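The values are calculated or read from the model by the stated rules, or taken from the named source; none is laboratory data. All of these numbers come straight from a predicted model, not from anything done at the bench. Note that we place each Cβ from the backbone using ideal geometry, even for glycine, and neighbour counts take in every protein chain shown.
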Amino acid sequence: MQSTRVTFPDGSTTGEGEVLLVDRDASVVVVDVTPFHPEDHTWPDQPGDVGSLVSGDVRATVSEAVMAAVSDEGVLAVGGDIPVKRGGEGWTWLVGHRIEGGIPEQVAVGAPVTLEVDAGRRAALSRGHTACHLASLALDAVLADLWRKQIGTDPLGNPDFEGRANQTSRIHADGSVDEYRLGKSLRKAGFDSEGFAASLAEREERINEQLASWVASAAASCVDVEGPRIIDRRSWRCELPEGEVGFLCGGTHVHSLAEFASITVSLDLGDPQLLVMTTRATPALG
Ligand SMILES: [Zn+2]
């Protein structure tokens, strides 16, 4: 079996394919090529797409697209049950379509199918994901003066607070929630947590000013791919006025920052050891 080819990086939400594998116990269907973006089992930041799988006159609901993998011994593992990290040796990497309410009989190996992603939800997740990356770049920029030692830099050349402290990132429709650990090790690395806490409201305002100016720039944004397979490396790229930024990212993104009316964050330090950044995107009209 070949690794699944994917078309979501260019924004596709529909496609045709041939069924390669049906697992009725797991209620998972694998197709040779799919527009569905699966949740990554290694770093589950963006939820999998939902939509439909159509075979002839039968329409099945795809409740979630997930990563799947078949071992060289022929064992199928799905989502969180995959025992190795993405790309691990000895496995073929696939996109699984979880079917709600049982897989129809017509959906069998070799059958041609049409795949349709819920395009409205995908667009909202793409806005949420791009907003999440922009917010983290703005956060790095606004926290830059709080570092007393040199650390690695982010794609805009600012001290990489995101890379150092980010613990979890959860993307949802038109937004995201990121958690950052502000513990002892960050202080040891030279970060002034007290100075940060004392200036939280002012820094939140500056992040929002930066985000407003990026939205106003209507910069182009895209996903670059090294190949067509789900396992090939993908990167998000955005042509910000300060310069082009990019980093590895398996998710989906907007084509232009003109797709936003606004992006704003709120910072919460209710637990002084844990910064919670909540990002909200408002889509542009039309
Ligand atoms: Zn990403």
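Quick one: GLU162 ticks every box in (1) in contact (Cβ under 8 Å) with a residue 40 or more places away in the chain; (2) crowded, with 19+ Cβ neighbours inside 10 Å; (3) not in a strand (DSSP E or B) except a single one, so which number is it?
(1)
Please specify each residue of region 3-19 satisfying the condition of being of a type outside the set (Gly, Ala, Ser), part of a strand (DSSP E or B) and surrounded by 17 or more Cβ atoms within 10 Å (Cβ to Cβ).
Filtering region 3-19 down to residues of a type outside the set (Gly, Ala, Ser) leaves 4-10, 13-14, 16, 18-19.
If we keep only those that are part of a strand (DSSP E or B) too, we end up with 5-6, 14, 16, 18-19.
Of everything in region 3-19, those that are of a type outside the set (Gly, Ala, Ser), part of a strand (DSSP E or B) and surrounded by 17 or more Cβ atoms within 10 Å (Cβ to Cβ) turn out to be ARG5, VAL6, VAL19.
So the check is Cβ under 6 Å with 6+ separation or different chains; which pairs have a first residue in region 126-140 that's in the same structural domain as ASP45 (by TED's automatic domain parsing) and farther than 11 Å from PHE260 by Cβ and a second one that's at pLDDT below 95 and within 9 Å of the ligand (Cβ to nearest atom)?
Pairs found: none.
For the structure I just gave you, tell me whether GLY80 is touching a residue at least 12 places away in the same chain (Cβ under 8 Å), away from the ligand (no atom under 16 Å from the Cβ), outside the structural domain of ALA131 (by TED's automatic domain parsing) and assigned to a strand (DSSP E or B).
no
Inspect region 125-145 for any residue being touching a helix residue (DSSP H, G or I) at 6+ places or on another chain (Cβ under 9 Å), in a loop (DSSP other than H, G, I, E, B) and either among the aliphatic types (A, V, I, L, M) or closer than 22 Å to LEU248 by Cα (or both) and give the result as yes or no.
yes
Would you point out the residue of region 20-47, among those that are within 16 Å of the ligand (Cβ to nearest atom) and crowded, with 23+ Cβ neighbours inside 10 Å, that is nearest to LEU115 (Cα to Cα)?
Of region 20-47, the ones within 16 Å of the ligand (Cβ to nearest atom) are 37-47.
Subset that is crowded, with 23+ Cβ neighbours inside 10 Å: 37-38, 46.
Working: HIS37: 12, PRO38: 14, GLN46: 20 Å.
Filtering region 20-47 for residues that are within 16 Å of the ligand (Cβ to nearest atom) and crowded, with 23+ Cβ neighbours inside 10 Å, the one nearest to LEU115 (Cα to Cα) comes out as HIS37.
If PRO272 passes every condition in (1) modelled with pLDDT under 95; (2) closer than 22 Å to LEU125 by Cα but one, which one does it miss?
Condition (2) is where PRO272 drops out.
I need the full set of residues from region 105-130 which are more than 16 Å from the ligand (Cβ to nearest atom) and touching a Leu at 6+ places or on another chain (Cβ under 9 Å), in order please.
Within region 105-130, VAL107, VAL109, GLY110, VAL113, THR114, LEU115, GLU116 qualify.
When you go through (1) more than 15 Å from the ligand (Cβ to nearest atom); (2) touching a Phe, Trp or Tyr at 6+ places or on another chain (Cβ under 7 Å); (3) among the polar types (S, T, N, Q) one by one for ASN158, which number turns out not to apply?
Of everything listed in (1) more than 15 Å from the ligand (Cβ to nearest atom); (2) touching a Phe, Trp or Tyr at 6+ places or on another chain (Cβ under 7 Å); (3) among the polar types (S, T, N, Q), ASN158 misses just condition (2).
Determine whether HIS41 is modelled with pLDDT under 95 and touching a strand residue (DSSP E or B) at 6+ places or on another chain (Cβ under 7 Å).
Against the criterion (modelled with pLDDT under 95 and touching a strand residue (DSSP E or B) at 6+ places or on another chain (Cβ under 7 Å)), HIS41 qualifies.
Exactly one of (1) away from the ligand (no atom under 16 Å from the Cβ); (2) not in a strand (DSSP E or B) is unmet by LEU267. Its number?
So LEU267 meets the others, but not (2).
Which number in (1) crowded, with 19+ Cβ neighbours inside 10 Å; (2) in contact with a Lys or Arg (Cβ under 9 Å, 6 or more places away or on another chain) marks the one condition that SER55 misses?
The failed condition is (2).
Select from region 188-220 the residues that are touching a strand residue (DSSP E or B) at 6+ places or on another chain (Cβ under 6 Å), surrounded by 15 or more Cβ atoms within 10 Å (Cβ to Cβ) and aliphatic (A, V, I, L, M) and list them in ascending order.
Result: ILE207, LEU211, VAL215, ALA219, ALA220.
Which is of a type in the set (Gly, Ala, Ser), touching a helix residue (DSSP H, G or I) at 6+ places or on another chain (Cβ under 6 Å) and either within 19 Å of LEU143 (Cα to Cα) or modelled with pLDDT of 95 or more (or both), of ALA212, ALA281, ALA220, ALA216?
Selected residue: ALA281, the only one of ALA212, ALA281, ALA220, ALA216 that is of a type in the set (Gly, Ala, Ser), touching a helix residue (DSSP H, G or I) at 6+ places or on another chain (Cβ under 6 Å) and either within 19 Å of LEU143 (Cα to Cα) or modelled with pLDDT of 95 or more (or both).
Can you find even one residue in region 252-275 that is free of Cβ contacts under 8 Å to residues at least 40 places away in the same chain and in contact with a Cys (Cβ under 8 Å, 6 or more places away or on another chain)?
Let us first name the residues in region 252-275 that are free of Cβ contacts under 8 Å to residues at least 40 places away in the same chain, namely 256, 268, 270-271.
Among the residues that remain, those that are also in contact with a Cys (Cβ under 8 Å, 6 or more places away or on another chain) are: none.
Looking through region 252-275, none of the residues is free of Cβ contacts under 8 Å to residues at least 40 places away in the same chain and in contact with a Cys (Cβ under 8 Å, 6 or more places away or on another chain).
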